[in-house]
Amino acid sequence: MSVASPANTLRFGFACIPLGLPQPVVRTCRLENATPQRLRELIEANLAALDACLDYVSRLELDLFRINSGVIPFASHPVNKLQWTRLYAGELAALGRKARRLRLRLSMHPGQFVVLNSPTPATAASSVAELRYHADFLDALGAPDESKVVIHLGGVYGDKPAALRRLEEAWTRLPGEVRRRLVLENDERLFSVFDALDAAERLGAPMVFDRFHHRVHGDPSRTPIPALLRRAAATWKARDGRPKVHFSSQARGEKPGTHGETIDAEEFRGFLDESKDFSLDVMIEARGKENAALAARDLARKCGRTA
C-alpha cells in the first residue's frame, strides 16, 4: 500500500466482495426473519468480516475499498429498530481507526433503488433514508470526508430537464452531513458524463468519471478523455481527497454494459496514457474483484504510475 502520492500517480481498489476470503463478507436474512436478535447476530458477523477485509486489502497493497451497503442489514427499513450506531460504537470506531492506520480510503455505493429524483414520494423518501444510513455508517467509523457515497443521477421519467431539476431540489434538502459524503456518477444509459458534470458543477459536488459507462453511453461530441478527466477532477475540493474514477472492461459475448471478469490490458494501457497528467484513485469494477484490481495496479507499476 502506498504511503505517499507523488504527482500523476494512480491508486487502486475494488468493491465489496473479496474472492480470497473464505467467510461471507455480508450476511443477511429474509425480512420476515429480521428479529432484533437475528439482526444483532448478522451485524456482529458482518463487522467481523469487514475487519478481516481491511486486513486483506492492506496485505494486497491496495489503497481503496468499497464497503458493501448491506453491512447493517435493513438499516434504513422500519424493521431494523436497533440503535446500531450506539450498540456498536466501539466496534465501528475501531474499524475506522484500523482503516486510517492502514491508509485505506473507504467508500460506499448504494444500489439502483436509491433514486433521489423519483416523482414517487415514497421512493424519494426511502432513498433519502438509505443515504442517511450510508453517511451515518461512515461517520460512525470516523471516516474523513474523502470517504464518499457514490450515487447515479436517477431516472429520466420521460423528461430529463425536469428529472434533473428534481435531483437538484432533493439534493439541496438533504442534511449537510449527508451531502458532504455524496458523489455523482455518470451511467451507461440515461445520464451522460456531461449530464453528471453539469449537475455536479451546479451543486458543488464531486463527480466520479466512469470510463466504461461513458464508452457504453456514447459521446457524439468525441470529447477527448483527458478533457473529461480534467473537468471531473476540478469538481473535487481538497477536503474531498483525490479525484476518483471507475474503470472496467466489457464482458466478452455479453450485452453492452456488462462488466468483465478482469480488465482489458490494451484498453487499460490507453487509460494510463489518457490519465498521464492526473493523480487519481481508480476503483476497478470487475467480476474478478481484487484479482482485476491487482492486474491494473501491476500494469500501472510497470509504467511508473503508482506511488
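Against the numbered list (1) surrounded by fewer than 22 Cβ atoms within 10 Å (Cβ to Cβ); (2) touching a residue at least 60 places away in the same chain (Cβ under 8 Å); (3) of a type in the set (D, E, K, R), Arg166 comes up short only at (2). The C-beta contact set for region 244-272 (first residue without any contact (Cβ under 8 Å) to a residue 12 or more places away in the chain, second residue aliphatic (A, V, I, L, M) and surrounded by 13 or more Cβ atoms within 10 Å (Cβ to Cβ), distance under 9 angstrom, 6+ apart or interchain) comprises Thr258/Ala251; Gly270/Ile225. The residues on offer are Arg132, Arg173, Arg179, and the sole one that is of a type in the set (D, E, K, R) and within 19 Å of Trp84 (Cα to Cα) is Arg132.
So that you can scan it fast, the table gives a plain yes or no per residue for (1) at pLDDT below 95; (2) farther than 17 Å from Asp139 by Cα:
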position: Leu10; (1), (2): no, yes
position: Pro24; (1), (2): yes, yes
position: Leu42; (1), (2): no, yes
position: Leu50; (1), (2): no, no
position: Asn68; (1), (2): no, no
position: Lys81; (1), (2): no, yes
position: Arg86; (1), (2): no, no
position: Gly96; (1), (2): no, no
position: Arg101; (1), (2): no, no
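Filtering region 226-239 to residues that are crowded, with 17+ Cβ neighbours inside 10 Å and either out of contact with any Phe, Trp or Tyr (no Cβ under 8 Å at 6 or more places or on another chain) or part of a loop (DSSP other than H, G, I, E, B) (or both) leaves Arg231, Thr235, Trp236.
Against the conditions (1) surrounded by fewer than 17 Cβ atoms within 10 Å (Cβ to Cβ); (2) of a type in the set (Asp, Glu); (3) within 23 Å of Asp219 (Cα to Cα), Asp145 satisfies every one except (3). Screening Val245 on (1) closer than 26 Å to Phe65 by Cβ; (2) in a helix (DSSP H, G or I); (3) aliphatic (A, V, I, L, M) shows it passes everything except condition (2). The set of residues from region 177-200 being of a type in the set (A, V, I, L, M) and either in a strand (DSSP E or B) or closer than 28 Å to Leu141 by Cα (or both) comprises Val178, Leu182, Val183, Leu184, Ala200.
Annotation: of all residues in region 181-193 being under 15 Å from the mean Cα position of the chain (by Cα) and touching a residue at least 40 places away in the same chain (Cβ under 8 Å), the one that is surrounded by the most Cβ atoms within 10 Å (Cβ to Cβ) is Arg181.
The values are calculated or read from the model by the stated rules, or taken from the named source; none is laboratory data. Quantities reported herein were computed from a predicted structural model and do not represent experimental measurements. With ideal geometry, Cβ positions are generated from the backbone for all residues, glycine too; neighbour counts draw on all protein chains shown.
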